[in-house]
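All remarks here apply to the structure that follows.
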Amino acid sequence: MQPRSCSLFFILLLGTGALSVSVTLETFRGCAVRQFSFLAQKPGCRSLRITTEACWGRCNTWEKPLPEPPYIQRHHRVCTYSRIRYLTARLPACPPDVSPLYPYPLALQCDCAVCSTQDTECETF
């Protein structure tokens, strides 16, 4: 499933009824938790498909030119983890000298924040 074709569904409770709204990446601004699958791999072991919760969304970002150094003012935020729990999967068919344990994150809450290279792949700005 491509990120652009995925939809987030928000349930808005209005009085006694509920309203369901579908939002695509083109229209959604913000950060949300969504289901994500990936292939966990380690040299020597068989791969394992893992489904977890990850952060997804688009955050407000801008750049403004300045007449004096540093000549540009930047405001770059990324959708990233604000609360996380690590889980561990056991990869199949690992040789005795390779640990079969594979830690991975489970997003509990996501927010727009400055990119931290400790838990996110950040583009150089």
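Electrostatic bookkeeping for L48 treats Lys and Arg as +1 and Asp and Glu as -1; over the other residues with beta carbon under 11 Å from its beta carbon, the sum is +4. Sparse packing (at most 13 other Cβ atoms within 10 Å of the Cβ) combined with a DSSP loop state is found for the following trypsin sites (Lys or Arg not before Pro) in the range 35-125: R46. Please report how far the C-alpha centroid of the range 44-100 lies from that of the range 27-43, rounded to the nearest whole angstrom. That distance is 9 Å. Taking 7 Å steps out from each Cα toward its Cβ at R85 and D97 produces label points 3.7 nm apart. For a paramagnetic label modelled on L108 (point 7 Å from Cα along Cα→Cβ), amide N atoms under 18 Å away belong, within the range 40-71, to 52-56.
Read-outs throughout are calculated quantities, based only on the coordinates presented, and are distinct from any laboratory measurement. In this text the structure is predicted, and so the values were computed from the model without any measurement. Glycine also receives a Cβ, built like all others from the backbone with ideal geometry; neighbour counts cover every protein chain displayed.
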